[in-house]
Amino acid sequence: MIRHRSYAVPLTAVLLALATGVALGAGPLTDTRSSASPGPRVVRPAAGAGYGDAFAEATAGRLYGHGLSRRPVAIVRLPGSSNATVNALAQQVRAAGGQVSATYAVTGQLVEASQKSLVDTLGSQLAQQVKGRIDPRASTYPRIGQLVAVAVATKGGAGAPPDEDSAAVRQSLAAAKLLTLPTGDPQRAPLVVVVLGSPVNQAIADGFVTGLAAGARGVVAVAPSEDPVLAGLADDGVTKRVTTVDGSETAAGRIAAVLGLERAWTTRGGAFGASGSDGAVPLG
């Protein structure tokens, strides 16, 4: 018993010293310096921190294989979408050999439920003006999506200059402050990226994206990880015709979106990305 007591006191003292040092940030667990070799403290990054994005960016060129070579891509951004994400997506499109024909900004009025009457009335008028290009059975938001497709997209295998109908729809949507146009008179593109932003009514998102897909060769909708509206597109069956990719705040997610564009040239649909039910990356 005496021998055990003689060890207990020193051991307790050591433990208290260690605890005090750790609490003050100056203990042996937090400082790699010694009195013999003073120098700056070395802080090593957490294992794998940023490695996924760094790896994706380093290998993106080989993954793309110029799969978008000379193919025009239109970007349609919804309210609240990130400028950084839009710019980074455009950069990746170019890295895959594609051409960003233009970026169009959907305004809040087009996707706000309180503005449905305006969207419905204008959509009905424009559908009459461009007869034969809009499904007469389409309801408010699928119809406005089809009209935006007339303005920015084409089903052909190459870009196309704006025709009389697309020019008229562009002007009308811009005048009604439903769509902000880029400068110049950009060509229409067979591939479209829809960049989601602030949450919108799911039925509005479903209708708009479905309508847009009706007038383009391929559409990819992107959003940050676990975005509820993007997930809703899959739940509502929109991914039968539209490819979705979440994780757009990461380099890996944006690269997956561009791979989705390459795939959409021949294969429509699917849910991919960080939470995609069809896999992380749309290959093949």
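The values are calculated or read from the model by the stated rules, or taken from the named source; none is laboratory data. Values in this document were obtained by computation on a predicted structure and should not be read as measured data. Reconstructed Cβ throughout: ideal geometry from the backbone, glycine too, with neighbour counts over all protein chains shown.
So, Val281, is that one of a type in the set (Val, Ile, Thr) and within 20 Å of Glu57 (Cα to Cα) or not? Yes. Scanning the range 110-146 for residues that are touching a Lys or Arg at 6+ places or on another chain (Cβ under 9 Å), small (Gly, Ala, Ser) and under 21 Å from Val242 (Cβ atoms) returns a single hit, Gly123. Here Leu259 does not qualify as among the aliphatic types (A, V, I, L, M) and in contact with a strand residue (DSSP E or B) (Cβ under 8 Å, 6 or more places away or on another chain). Scanning the range 165-193 for residues that are farther than 21 Å from Glu112 by Cβ, of a type in the set (Gly, Ala, Ser) and out of contact with any Pro (no Cβ under 8 Å at 6 or more places or on another chain) turns up Ser166, Ala167, Ala168, Gly184. Reported count of residues in the range 244-268, each being closer than 26 Å to Tyr51 by Cα, β-branched (Val, Ile, Thr) and more than 8 Å from the chain's Cα centre (by Cα), is 4.
One residue alone among Asp206, Asp227 is more than 23 Å from Ala151 (Cα to Cα) and charged (D, E, K, R), and that residue is Asp227. Of the residues examined, Val219 is one that is among the β-branched types (Val, Ile, Thr), closer than 21 Å to Val100 by Cα and within 15 Å of the chain's Cα centre (by Cα). Just to be sure, is Pro282 touching a Gly at 6+ places or on another chain (Cβ under 6 Å) and either under 20 Å from Gln99 (Cα atoms) or touching a residue at least 12 places away in the same chain (Cβ under 8 Å) (or both)? So Pro282 fits the description; yes. So is Ala74 at pLDDT 95 or above, within 19 Å of Gly218 (Cβ to Cβ) and surrounded by 14 or more Cβ atoms within 10 Å (Cβ to Cβ) or not? Spelling it out, Ala74 is indeed at pLDDT 95 or above, within 19 Å of Gly218 (Cβ to Cβ) and surrounded by 14 or more Cβ atoms within 10 Å (Cβ to Cβ). Listed here are the helices (runs of 4 or more DSSP H) enclosed by the range 102-171 that have at least 3 residues being free of Cβ contacts under 8 Å to residues at least 60 places away in the same chain and surrounded by fewer than 19 Cβ atoms within 10 Å (Cβ to Cβ): 116-129. Among the residues of the range 172-188, which ones are in a helix (DSSP H, G or I) and either at positive phi or of a type in the set (A, V, I, L, M, F, W, C) (or both)? Matches in the range 172-188: Leu173, Ala174, Ala175.
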